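Below: the structure, in structure tokens.
The values are calculated or read from the model by the stated rules, or taken from the named source; none is laboratory data. This structure is a prediction, so every number in the text was calculated from the model and none was measured. No Cβ is skipped: glycine too gets one built from the backbone with ideal geometry, and neighbour counts run over all protein chains shown.
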Amino acid sequence: MHVEGTVLVGRGFEPVEGRVVVADGEIVAIEECETDSDDVVLPAFVNAHTHIGDSIAKEAGEGLSLDELVAPPDGLKHRLLRAASHEEKVAAMARTLRYMESTGTGTFLEFREGGVDGVAALRDALAGEGVPFGERDVEAVVFGRDDPDVLSVADGYGASGARDADFDAVRSETRRAGKLFGIHAGERDADDVNPAMDLEPDFLVHMVHAEAIHLDRLADRGTPVVVCPRSNLVTNVGVPPIRELVERTTVALGTDNVMLDSPSMFREMEFAAKLADLPAREVLRMATVNGAAIAGLNRGVIEEGADARLLVLDGDSDNLAGARDLVRAIVRRAGAADVERVVLG
């Protein structure tokens, strides 16, 4: 099969008129040629941090602090998750998966609460078990938590934060298992950043309160960071120093808790771009190839040999027609209504 239009090629997203040739889920060629298509072809998004179990409680907890909303074990989300049945969680997550896929997300990195059972619920939602939506093609990289045994079924471990527990043992176990370890850090304040970095994680999430010493450590170690600026604003903890982080390490975008924000990478890109005033190509990398790199995946970029996970936009939509800078328009104004189709394998 092939997909044609204006193709955003490579990590620089250079616009090329032509087609992407796909075979067995892989990009096998990018051919320059004349085409009548107004479509724009770019990599499907990689949402680098989600909590989609929160789909059972969208917009719950207005006016609550961060700790009251999400701190384990008795923050609102954890109480609601414990009260919900397996079937309720699966059905709610399945709807979120369908929304994510329809808005261009091909892969997401999920911090999944509930131990082994929590991971099982997500796997059931992806498989379409007991829901009318069917199996989803969006793929999850699942970071279990709440139980060291979760490493037997998850792709890695997603720690809540260094102030919540001693994660030394589970970090060692994750390393022995050859799996990824991520941890929240610097969301509420700076106190847990150094302890989190001492664990030598594969990546950090949030880093809203990163100080000069932390930025230096990031630069020295090259530890990637996932930022979730819309969520940070909603929980009133501030916003991450995105530009300073980008200057020092790999930075990816995530949408965080479905409880607080829609898992729309379009919205996250627009907000991050306008907040940090970064070049549009940098923000698009944060929404695609950088998240893939954190997870060790060969996707998020259109080049030969990469996974064929593509997002096709209508370049002649009322919203995008006439754009003088196509990449800037995608980052700052594109949305769900501009999606023509999503190719996931």
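Please work out which residue is nearest to THR35 (Cα to Cα), limiting yourself to segment 294-327 and to residues that are part of a helix (DSSP H, G or I) and under 20 Å from the mean Cα position of the chain (by Cα).
Going through segment 294-327, the residues part of a helix (DSSP H, G or I) turn out to be 294-295, 326-327.
From the residues that got through so far, the ones that are under 20 Å from the mean Cα position of the chain (by Cα) too are 294-295, 327.
Values: ILE294: 35, ALA295: 35, VAL327: 19 Å.
Among them, the one singled out is VAL327.
Can you give me the number of residues within segment 172-194 that are closer than 19 Å to ALA212 by Cβ and crowded, with 23+ Cβ neighbours inside 10 Å?
Residues meeting the conditions: 4.
Please list, ordered by first then second residue, the pairs with beta carbon atoms under 6 Å, 6 or more apart or interchain, first in segment 1-30 and part of a strand (DSSP E or B), second buried (at least 17 other Cβ atoms within 10 Å of the Cβ) and of a type in the set (Gly, Ala, Ser).
Here the result reads GLU4/SER37; GLY5/SER37; VAL7/GLY18; VAL22/ALA308; GLU26/ALA308; ILE27/ALA306; ILE27/ALA308, each pair linking segment 1-30 to a residue that is buried (at least 17 other Cβ atoms within 10 Å of the Cβ) and of a type in the set (Gly, Ala, Ser).
List every residue pair whose Cβ atoms sit under 7 Å apart, with the two residues 6 or more apart in sequence or on different chains, where the first one lies in segment 134-158 and is farther than 19 Å from HIS184 by Cβ and small (Gly, Ala, Ser) and the second, anywhere, is at pLDDT 95 or above and buried (at least 24 other Cβ atoms within 10 Å of the Cβ).
none
Confirm whether GLU303 is closer than 23 Å to ILE330 by Cβ, buried (at least 24 other Cβ atoms within 10 Å of the Cβ) and either among the charged types (D, E, K, R) or not assigned by TED's automatic domain parsing to the domain that holds MET197 (or both).
no
Out of the residues in segment 163-211 meeting the condition of being small (Gly, Ala, Ser), out of contact with any strand residue (DSSP E or B) (no Cβ under 9 Å at 6 or more places or on another chain) and outside any helix (DSSP H, G or I), tell me which one is farthest from GLU68 (Cα to Cα). So that I can check it myself, show each step before the final result.
So the first thing to find is which residues in segment 163-211 are small (Gly, Ala, Ser), and the list is 165, 169, 172, 177-178, 182, 185-186, 190, 196, 210.
Next, only the ones that are out of contact with any strand residue (DSSP E or B) (no Cβ under 9 Å at 6 or more places or on another chain) stay: 169, 172, 178, 190.
Subset that is outside any helix (DSSP H, G or I): 178, 190.
Values: GLY178: 34, ALA190: 19 Å.
Per the criteria, the residue is GLY178.
Suppose we keep only residues that are more than 16 Å from MET207 (Cβ to Cβ) and part of a helix (DSSP H, G or I) within segment 222-267. Which one would you say is farthest from the chain's Cα centre (by Cα)?
VAL234
Exactly one condition in (1) among the β-branched types (Val, Ile, Thr); (2) over 23 Å from GLU340 (Cα atoms); (3) in contact with a Gly (Cβ under 7 Å, 6 or more places away or on another chain) is not met by VAL142; state its number.
(3)
Is it the case that some residue within segment 99-113 is assigned to a loop (DSSP other than H, G, I, E, B), more than 17 Å from the chain's Cα centre (by Cα) and assigned by TED's automatic domain parsing to the domain that holds ASP189?
Within segment 99-113, the first condition is being assigned to a loop (DSSP other than H, G, I, E, B), and the residues that meet it are 103-104, 113.
Add one more test, that the residue is more than 17 Å from the chain's Cα centre (by Cα), and what stays is none.
No.
Regarding GLU110, is this residue under 20 Å from ALA292 (Cβ atoms), touching a residue at least 60 places away in the same chain (Cβ under 8 Å) and touching a helix residue (DSSP H, G or I) at 6+ places or on another chain (Cβ under 7 Å)?
Working: under 20 Å from ALA292 (Cβ atoms): yes; touching a residue at least 60 places away in the same chain (Cβ under 8 Å): yes; touching a helix residue (DSSP H, G or I) at 6+ places or on another chain (Cβ under 7 Å): yes.
Against the criterion (under 20 Å from ALA292 (Cβ atoms), touching a residue at least 60 places away in the same chain (Cβ under 8 Å) and touching a helix residue (DSSP H, G or I) at 6+ places or on another chain (Cβ under 7 Å)), GLU110 qualifies.
Restricted to segment 26-73, and to residues that are within 21 Å of the chain's Cα centre (by Cα) and small (Gly, Ala, Ser), which residue is surrounded by the most Cβ atoms within 10 Å (Cβ to Cβ)? Step through it out loud before you land on a result.
Initial filter on segment 26-73 (within 21 Å of the chain's Cα centre (by Cα)): 41-59, 66, 69-71.
Filter once more, keeping what is small (Gly, Ala, Ser): 44, 48, 53, 55, 57, 71.
Numbers: ALA44: 27, ALA48: 34, GLY53: 29, SER55: 25, ALA57: 21, ALA71: 18.
Ranking the qualifying residues of segment 26-73, first place goes to ALA48.
How many residues are farther than 17 Å from PHE181 by Cβ, surrounded by fewer than 24 Cβ atoms within 10 Å (Cβ to Cβ) and out of contact with any helix residue (DSSP H, G or I) (no Cβ under 7 Å at 6 or more places or on another chain) when one looks only at segment 210-228?
6
Looking for something within 22 Å of PHE167 (Cβ to Cβ), hydrophobic (A, V, I, L, M, F, W, C) and either assigned to a helix (DSSP H, G or I) or free of Cβ contacts under 8 Å to residues at least 60 places away in the same chain (or both) - is there at least one such residue anywhere in segment 212-221?
So in segment 212-221, the residues within 22 Å of PHE167 (Cβ to Cβ) come out as 213-214, 217-218, 220-221.
Those still in the list that are hydrophobic (A, V, I, L, M, F, W, C) too: 213, 218.
Add one more test, that the residue is either assigned to a helix (DSSP H, G or I) or free of Cβ contacts under 8 Å to residues at least 60 places away in the same chain (or both), and what stays is 213, 218.
Checked against the condition, which is being within 22 Å of PHE167 (Cβ to Cβ), hydrophobic (A, V, I, L, M, F, W, C) and either assigned to a helix (DSSP H, G or I) or free of Cβ contacts under 8 Å to residues at least 60 places away in the same chain (or both), segment 212-221 yields at least one hit.
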